[in-house]
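K.L.:
Dumping the structure here so I can ask a few things about it.
The values are calculated or read from the model by the stated rules, or taken from the named source; none is laboratory data. From a predicted model like this one, the values you see are computed outputs, not experimental measurements. With ideal geometry, Cβ positions are generated from the backbone for all residues, glycine too; neighbour counts draw on all protein chains shown. In case anyone asks, the SASA skips ligands and DNA or RNA and just uses the protein heavy atoms, side chains included. Shrake-Rupley method; radii C 1.70, N 1.55, O 1.52, S 1.80 Å.
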Amino acid sequence: MAEDEQSSVFKDEVRRLIGMLRQRLLTLTAKSYEEFTLRKIFKQFDLNNSNTITLDELAAMLAKLGISVDRKFLVGMMKKLDSNGTGVIEFEEFASLIVNDPYK
């Protein structure tokens, strides 16, 4: 497989996994976009109470939601979801994932 094809397959898998994550989170919020509801869900996954979701917490979130992910795709998901490049998912990025489909 050529490098371009591998890159495309990787991006497609990350996109698929983020789509699954978004759908499961939408189910948890009962499709409510109210900040209170979104913060309540966010806090469930912010295990160390840092007001951010780390790579390990993202892995735990995915496991809790029944989504199995290889580490390389987990890192790819974090890069896509961490839109400001801080290395963690902040509440605004989390809320944006739920409210705005990142692939539309």
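Matching residues to (1) surrounded by fewer than 16 Cβ atoms within 10 Å (Cβ to Cβ); (2) under 18 Å from S96 (Cα atoms):
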| position | (1), (2) |
| --- | --- |
| E13 | no, no |
| I18 | no, yes |
| L21 | no, yes |
| Y33 | yes, yes |
| F36 | yes, yes |
| N48 | yes, no |
| L58 | no, yes |
| L62 | no, yes |
| D70 | yes, no |
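K.L.:
Those residues that are in a helix (DSSP H, G or I), in contact with a helix residue (DSSP H, G or I) (Cβ under 8 Å, 6 or more places away or on another chain) and either open to solvent by less than 40 Å² (accessible area, probe 1.4 Å) or small (G, A, S) (or both), I need them from the range 72-104; list them, please.
P.N.:
F73, L74, G76, M77, M78, L81, F91, E93, F94, A95, L97, I98
K.L.:
Can I ask one more? Condition (residue is free of Cβ contacts under 8 Å to residues at least 60 places away in the same chain, at positive phi and not in a helix (DSSP H, G or I)) applied to the range 53-69: is it met by at least one residue?
P.N.:
Within the range 53-69 (the criterion being free of Cβ contacts under 8 Å to residues at least 60 places away in the same chain, at positive phi and not in a helix (DSSP H, G or I)), the answer is yes, since at least one residue qualifies.
K.L.:
Mind listing whichever residues of the range 21-52 are part of a loop (DSSP other than H, G, I, E, B), of a type in the set (A, V, I, L, M) and modelled with pLDDT of 95 or more? Don't jump to the end; show me each part of the working.
P.N.:
Start the filter on the range 21-52 by keeping residues that are part of a loop (DSSP other than H, G, I, E, B), which leaves 29-34, 46-51.
From what's left, of a type in the set (A, V, I, L, M): 30, 47.
L47, the sole residue that qualifies.
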